[in-house]
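Q: Mind looking over this structure? Questions follow.
The values are calculated or read from the model by the stated rules, or taken from the named source; none is laboratory data. No experiment lies behind these values; they were computed from the predicted model shown. In this analysis, Cβ positions are derived from the backbone assuming ideal geometry, glycine residues included, and neighbour counts consider all displayed protein chains. Areas reflect the complete protein model, heavy atoms only, side chains present, ligands, DNA and RNA absent. Shrake-Rupley method; radii C 1.70, N 1.55, O 1.52, S 1.80 Å.
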Amino acid sequence: MTERYAVFGNPIGHSKSPKIHTMFAKETGQSLSYEAILAPIDAFEASFKEFAANEGYGANVTVPFKEQAFSLCDELSEQAQLAGAVNTLSVLADGKIRGDNTDGLGLVADLKRNLGDLCGLQVLLIGAGGAARGSVLPLLHSGIAKLTIVNRTQAKAEALVEIFTSYGDVTSLPITHVGQSYDVIINSTSSSLSGEVPNISPDTIAPHTVCYDMMYGKQSTAFNLWAKSLGAGQTIDGLGMLVGQAAASFSIWRKVTPSVEPVLAQLRSELIG
Ligand code: ATR
């Protein structure tokens with residue numbers, strides 16, 4: 001029987017993961033299947049365990065199950081441990097379940113694809129929810145000079161800094177006190193979903209500033225439009241992060257790294273329509 005992989009979520013109908021992984025499998029000559037599984041809100045663990053007992057080798061996990069996936073693992077990567085959430089489950093040969101988190105790796109891979117070397121950059125991360133937490137360690141390991149975290153609710157940004165303070169140069173500021181410009185500004189908040197922009201000073205944007213919104217859509221996100229209107233040097237959306245996290249999951253499972261570019265080009269053309 002073909003080795004099965006899947007993405008679990010609720011809802012899951014619009015997930016691009018089956019398409020992405022099917023393209024990766026074709027490109028790398030791997031024989032596998034990848035499906036989308038709608039897990040009941042109150043039965044994620046049972047749903048995954050049934051899958052694992054039926055030739056399920058690995059799975060991606062999306063909203064709202066990343067914390068539940070974290071809890072069911074027998075072992076966790078350091079990145080998953082610190083993220084407090086798991087987006088990649090692997091069923092090991094002895095039946096144990098290992099959890100990884102590749103979301104932040106996808107972000108850093110996409111930043112490097114767009115910008116090259118990240119060494120020495122001053123980076124501002126907006127948001128302190130799950131998406132932000134999953135990104136901090138990969139950012140601190142990427143060579144950047146310093147990471148500053150701001151959030152609408154400042155206590156949450158401070159709590160993140162507490163978790164990661166021994167892993168690199170990371171600090172927080174009240175969101176209304178950010179006065180200087182940054183090399184890279186990453187919006188990890190869900191504000192673009194409602195067409196809003198976090199309340200940060202326009203002084204954060206200089207002509208060389210690269211703005212990255214983890215959200216993506218047919219049109220530019222509200223945050224990227226705001227950044228462009230202030231003269232940001234480059235704006236990037238999160239489609240490449242999505243493909244990047246998938247590539248990192250695929251290489252954990254299959255020990256082969258697929259090419260991101262052709263899949264990203266395909267998804268982009270479908271998105272624009
Ligand atoms: P996710 O897992 O996608 O990060 P989350 O954990 O619910 O989702 O976190 C959402 C993040 O977006 C938080 O940082 C939230 O700020 P608060 O902690 O103050 O709630 C931020 N957020 C959501 N809507 C926002 C808005 N309109 N403006 C600014 N920040 C917003």
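Q: Which angle between 0 and 90 degrees, to the nearest 10, do you get for helix 154-164 versus the longest principal axis of the chain when only C-alpha atoms count?
A: 60
Q: What list of ³J(HN,Hα) couplings, whole Hz, do you get for region 119-134 from phi and the Karplus terms 6.51, -1.76, 1.60, once you set θ to phi - 60° and write x for glycine and proline?
A: 4, x, 7, 8, 10, 10, 10, 9, x, 9, x, x, 5, 5, 4, x
Q: For residue 220 and residue 75, compute 0.36 nm times the residue count separating them, minus their Cα-Cα distance, and round to one decimal in nm.
A: 48.3 nm
Q: Is any residue of region 84-123 close enough, with backbone N under 16 Å, to a label point placed 7 angstrom from the Cα of residue 169 along the Cα-Cβ axis, and if so, which?
A: 118-123
Q: Here's something else I'd like to know. Counting only heavy atoms of protein chains, what accessible area per residue, in Å², does region 89-161 have with a probe of 1.4 Å?
A: Here the per-residue accessible area is 37 Å².
Q: To continue, here is another question. Pairing the Cα long axis of helix 17-28 with the longest principal axis of the chain, what angle in degrees results, from 0 to 90 and rounded to the nearest 10?
A: For helix 17-28, the angle is close to 70 degrees.
Q: On the protein heavy atoms, probe 1.4 angstrom, tell me the percent of accessible surface of region 1-132 carried by carbon and sulfur.
A: 52
Q: In nm, to one decimal, how far is the residue 43 label point from the residue 208 one, both placed 7 Å along Cα→Cβ?
A: Each label point is offset 7 Å from its Cα along the Cβ direction, giving 5.7 nm.
Q: Another question, if that's okay. Helix-only mean residue ellipticity at 222 nm, the chain, DSSP H runs n ≥ 4 weighted -39,500 (n - 2.57), per residue, nearest 500. What is it?
A: Computed ellipticity for the chain at 222 nm equals -11500 deg cm²/dmol.
Q: What percent does the relative contact order of the chain come to when contacts are Cα pairs within less than 8 Å and at least six residues apart?
A: 15
Q: Also, I was wondering about something else. At 0.36 nm per residue, minus the direct Cα-Cα distance, what do residue 114 and residue 161 gain on full extension? Give it in nm, one decimal, please.
A: 14.3 nm
Q: Given a 1.4 angstrom probe, I'd like the percentage of the accessible area of region 157-273 that is carbon and sulfur, rounded to a whole number.
A: Taking all protein chains in place, region 157-273 shows 53 percent carbon and sulfur surface.
Q: With a 1.4 Å probe and all protein chains left in place, how much accessible area per residue does region 163-235 have, in Å²?
A: 47
Q: Related question: Just how large is the dipole of the chain about the Cα centre, in debye to the nearest 20, putting +1 at every Lys and Arg Cβ and -1 at every Asp and Glu Cβ?
A: That gives a dipole near 440 debye.
Q: Tell me, what is the percent relative contact order of region 104-237, built from C-alpha pairs under 8 Å that lie six or more residues apart?
A: 21
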